[in-house]
Amino acid sequence: RDPDMTPTIISKEQLPLNNKLRKPMVEKMLRHRINSSIEQLKCLLADILEMTLNLLQCHNTSSHAVNQVFSGCVREIVHFLSKHEMKTESQRRLLKHFHVLPDQNTFSKEMHVNMSSIWRPW
């Protein structure tokens with residue numbers, strides 16, 4: 001017979017005392033687990049925010065390059081269409097359409113303003 005496995009007889013007076021001693025230890029362990037979980041969550045949140053910011057900055061850089069290429073293409077088309085006589089209604093509508101397009105630089109500046117207003121915890 002294993003002496004550790006033998007049942008221990010605890011009196012009714014000892015039981016509340018034992019619980020009273022155990023309760024602060026259990027609470028301390030729970031607080032420690034909660035605090036360490038909160039610290040882990042803070043680190044994870046910081047990593048997520050950093051990755052999100054990097055992604056948005058990459059997207060902003062690539063969209064700026066796309067906007068510049070698009071604006072260059074529009075300028076070339078407008079220059080070409082303006083240079084030649086408008087023979088068809090579709091040519092006139094196309095030229096009018098390109099004149100009505102918003103300036104891509106204005107759009108790009110608005111995006112930059114929105115990107116700079118991102119909240120950063122540091």
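A compact table of results
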quantity	calculated
Residue-span extension gain [F98 to L55] - 0.36 nm each, minus C-alpha spacing	12.4 nm
Distance (nanometres) between label positions extended 7 Å along Cα→Cβ at Q91 and K20	10.1
Chain lengthening between S82 and R31 when straightened (0.36 nm per residue, less Cα-Cα)	10.9 nm
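Every read-out reported here was derived from the displayed coordinates using simple, explicitly stated rules and does not represent laboratory data. All values reported here derive from a predicted model rather than from experimental measurement. Cβ atoms come from the backbone with ideal geometry, glycine included; neighbour counts cover every protein chain shown.
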